[in-house]
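Quick notes on the structure that follows.
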Amino acid sequence: MDVCVVNGENAADGAGITGKLADKLLAAGADVVTLGNHTYRRGGIGDYLAASERVIRPANQGVFTPGRGLAVVEARNGVRVAVLSLLGHLFLDTPQSPWEVVDALVEEARALAPVVLVDFHAEATSEKTALAHWLDGRVTAVIGTHTHVQTNDARVLRGGTAAVTDAGMTGPHDSVIGVKAELAIARMRMRLPVRFEPAEGGVRLEGVVVDCSDDGRAHGIELLRVPA
Ligand SMILES: [Fe+2]
């Protein structure tokens, strides 16, 4: 089976995403685009999300925000794959704790598809690791996003769930998580408002490849880095 999921929350010059860019990612081969805490940074994206079935925002983003948090697509071999997006609670301004909603959402996803992928968009390594363990044996993979730095802990847990704390960033790595280093440093050092701009150097594609069987059990997970 083959399915490609892309976290595209900062595809628009490092802040949010537009409908046009989301369409571009889908046209380039993404089956599902997930988002995160910067989902609504760009005008018009709310209407786009309200109408989209394959571009999803975190399910615990609040009950009044447009869009959905769960997508179901078919893999190349016809197996259904559910993708669930959730925001972490620690160190993020998240409307609803992921722990309050995750069990019902996973049950809903499992009723729709044997393969379930959770994009857990969260700041803290502890929270991402904890959710992976909580869902072990119930979902195919818990993939962490948001912190932009690929972590060296990709593994399959005892119950058959693949997990990694952060899949990394596709973008300019000669930067502070995508931003021109001097601008990020100026904001931190001087504590003055500085307008961030995306950096340009060291562009790299990062992600993970999860290998699973059609019943949803993961057998392997590999970090992807191009160029290495
Ligand atoms: Fe984020």
For the stretch 66-204, what does the alpha-carbon gyration tensor say about shape, rounded, prolate or oblate, given a ≥ b ≥ c as the root eigenvalues, a/c under 1.5 as rounded, and a/b over b/c as prolate? prolate
In debye, nearest 20, what is the charge dipole magnitude of the chain about its Cα centre with +1 on Lys and Arg Cβ and -1 on Asp and Glu Cβ, if you could check? 440
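Taking the DSSP beta bridges in the chain as the whole, what percent of them are antiparallel, to the nearest 5? Display every interim value, and only then the final one.
Working: 19 of 40 bridges.
Counting DSSP beta bridges with both partners in the chain, the antiparallel share is about 50 percent.
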Point-charge dipole on Cβ atoms (K/R +1, D/E -1) for the stretch 160-228, about Cα centre, debye to 20: 560
Label point at Phe64 placed 7 Å out along Cα→Cβ; residues across the stretch 25-47 whose backbone nitrogen lies under 19 Å: 37-47
About the Cα centre, and with charges only on the beta carbon of Lys, Arg (+1) and Asp, Glu (-1), how big is the dipole of the stretch 93-228? Nearest 20 debye, please. 460
Leaving out ligands and nucleic acids, and using a 1.4 Å probe, what accessible area per residue does the stretch 128-228 come to in Å²? 56
How do Val5, Val63, Val149 rank by accessible surface area computed with a 1.4 Å probe, from largest to smallest? Val63, Val149, Val5
According to a simple spin-label model (label point 7 Å from Cα along Cα-to-Cβ), what is the distance in nm between Arg189 and Val176? 0.9
Taking a cut-off of 13 Å between Cα atoms, list the aspartates and glutamates near Lys128, but don't count ones fewer than 8 places away on the same chain. Asp119, Asp136, Asp153, Asp166
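Where a ≥ b ≥ c are the square roots of the eigenvalues of the C-alpha gyration tensor, would you call the stretch 17-115 rounded, which needs a/c under 1.5, or, failing that, prolate if a/b is larger than b/c, or oblate? Can you show the working numbers first?
On the way: a/c = 2.09, a/b = 1.06, b/c = 1.97.
Verdict is oblate for the stretch 17-115.
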Once each part is reduced to its C-alpha centroid, what is the distance from the stretch 200-219 to the stretch 75-103 in angstrom? 17
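Counting only heavy atoms of protein chains, what accessible area per residue, in Å², does the stretch 1-117 have with a probe of 1.4 Å?
Working: 5590 Å² over 117 residues.
On a per-residue basis, the stretch 1-117 sits at 48 Å².
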I want to check the label-to-label distance for Ser126 and Ala15. Put each point 7 Å from Cα in the C-beta direction and report it in nm to one decimal. 3.2
For Lys20, counting only aspartates and glutamates whose alpha-carbon sits under 16 Å away and dropping same-chain residues fewer than eight positions off, the answer is Glu9, Asp31, Asp47, Glu53
Based solely on its DSSP helices, what 222 nm [θ] is calculated for the chain when runs of n ≥ 4 H residues each add -39,500 (n - 2.57) and the sum is averaged over all residues, nearest 500 deg cm²/dmol? -6500 deg cm²/dmol
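Given a 1.4 Å probe and every protein chain left where it sits, what share in percent of the accessible area of the chain is carbon and sulfur?
52
Run the numbers on the chain and let me know its relative contact order in percent, using alpha-carbon pairs under 8 Å that are six or more apart. Write out the running numbers ahead of the final one.
Details: 543 pairs, mean separation 30.0, N = 228.
After rounding, I find 13 percent.
The values are calculated or read from the model by the stated rules, or taken from the named source; none is laboratory data. On a predicted model such as this, the values are computed, not experimentally measured, just so you know. Heads up, the Cβs are rebuilt from the backbone with ideal geometry, glycines too, and the neighbour counts pull from every protein chain shown. Please note that ligands, DNA and RNA were not included when accessible areas were found on the heavy atoms of the full protein model with its side chains. Shrake-Rupley method; radii C 1.70, N 1.55, O 1.52, S 1.80 Å.
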